[in-house]
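Taking it in order: structure first as structure tokens, then the write-up.
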Amino acid sequence: MTRTPLISGNWKMNLNHFEAIQTVQKLHYVIPKGAMDDVEVSIHPPFTDIRSIQTLIESEDLDFSLGAQHCHFEDTGAFTGEVSPAFLAKLNTRYVICGHSERREVFGETDEMVNAKVKAILKYEMTPIMCCGETLQEREAGETESKVLGQIEAGLAGVSNEQIASLVIAYEPIWAIGTGKTATADDAQTVCAAIRAKVRSMAGDETAESVRIQYGGSVKGGNAPELMSQPDIDGALVGGASLDPDEFASIIQFGR
Ligand code: PEP
């Protein structure tokens, strides 16, 4: 089974819509022709930039998928400040991150909310990028797998095997996000293999072989080739480095 790697740029709360347009144009310009033949790239700007980036991607036929960083699980209603998955689908958004550790830790998202979001994103035929990961204390206490696999079990509860096969899971050790510290390729591979084994036990072999598992946490051009060459790592969720088109392009060209 060949899984096309997905490299996703999570811009977090950075770049207004003018800056976003320039960044995507520069990224397109610096990626050598052919470098994206075997890899998919999604860009996840802030909500206020999404319409501008959709227009740019579609009008110039750029080979990037549009992504969002978050959404609510309801279609409409009295949820001040929230964004409906239906509205994202209307903008041809393809990927939506859910359960990012910053949403869980700063905004109190629970496993149950993440599960509801996974279902809402799938309902609108978009692909969830469901994040999981352990804190430093959990890692030091030897609780990495129990924490991460518990998040997988809760996040995918009630999701069909076919739907699980289509989605993306991002393993992001929280201590490695935005800190410059990266899990070693071996450690990242061990956890990603455990995630795949968990999916296998929940949804069977075929599903486990299809689901894509990204690694995230201070991925840069320098460490991308080793991380991406691991058998259970199918791409990267990139924060800080995705804001710099040259650095992001070097991650996209990993292994070349
Ligand atoms: C992230 O935002 O999901 C992330 C992994 O950030 P960084 O690459 O900056 O560690």
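The values are calculated or read from the model by the stated rules, or taken from the named source; none is laboratory data. In this text the structure is predicted, and so the values were computed from the model without any measurement. Quick reminder, even Gly has a Cβ in these numbers, built from the backbone with ideal geometry, and neighbours come from all protein chains shown. Surface accessibility is based on the protein's heavy atoms, side chains included, excluding ligands, DNA and RNA. Shrake-Rupley method; radii C 1.70, N 1.55, O 1.52, S 1.80 Å.
For ALA68, the residues whose amide H sits under 5 Å from its own are TYR95, VAL96, ILE97, ignoring neighbours fewer than 5 places away on the same chain, with H placed 1.01 Å from N. Of ASP244, ASP61, ASP186, the residue with the greatest mean-square motion in the GNM of the chain, using alpha carbon springs below 10 Å, is ASP61. In this simple spin-label model, placing a label point 7 Å from the Cα along the Cα-to-Cβ direction at both PHE47 and PHE18 gives a separation of 2.3 nm.
Comparing Cα centroids, the range 178-238 and the range 54-85 end up 25 angstrom apart. With both labels modelled 7 Å from their Cα along Cα-to-Cβ, the THR184 to LYS26 distance reads 3.6 nm.
Highest mobility in the GNM of the chain, judged by mean-square fluctuation with C-alpha springs under 10 Å and restricted to THR23, THR179, THR93, is found for THR179. Simple rule: put +1 on each Lys or Arg Cβ and -1 on each Asp or Glu Cβ in the range 6-253, find the dipole, and look at ALA78, LEU156, VAL39; the Cα lying farthest toward the positive end is ALA78. Once the chain from LEU91 to SER59 is taken as fully extended at 0.36 nm per residue, the excess over their C-alpha distance is 10.2 nm. Built from the Cα atoms of the chain, the convex hull projects on average onto 12.7 nm², one quarter of its surface area. What the range 6-253 shows is 43 Å² of accessible area per residue, with the surface traced by a 1.4 Å probe over protein heavy atoms. Taking TYR29, TYR215, TYR124 as the candidate residues, the one with maximal mean-square fluctuation in a Gaussian network model of the chain, Cα springs under 10 Å, is TYR29. Protein heavy-atom surface of the range 6-253, 1.4 angstrom probe: 50% of the accessible area is carbon and sulfur, with nucleic acids and ligands not counted.
Peptides 234-241, 51-58 ranked from most to least packed by the mean count of surrounding Cβ atoms within 10 Å: 234-241, 51-58. With the Cα gyration tensor of the range 88-147 giving a ≥ b ≥ c as the square roots of its eigenvalues, does the rule (a/c under 1.5 for rounded; else a/b larger than b/c for prolate; else oblate) give rounded, prolate or oblate? Since a/c reaches 1.5 and a/b is larger than b/c, the shape of the range 88-147 is classed as prolate.
Here each label is just a point 7 Å from Cα along the line to Cβ, and for GLU140 and PHE79 those points are 3.7 nm apart.
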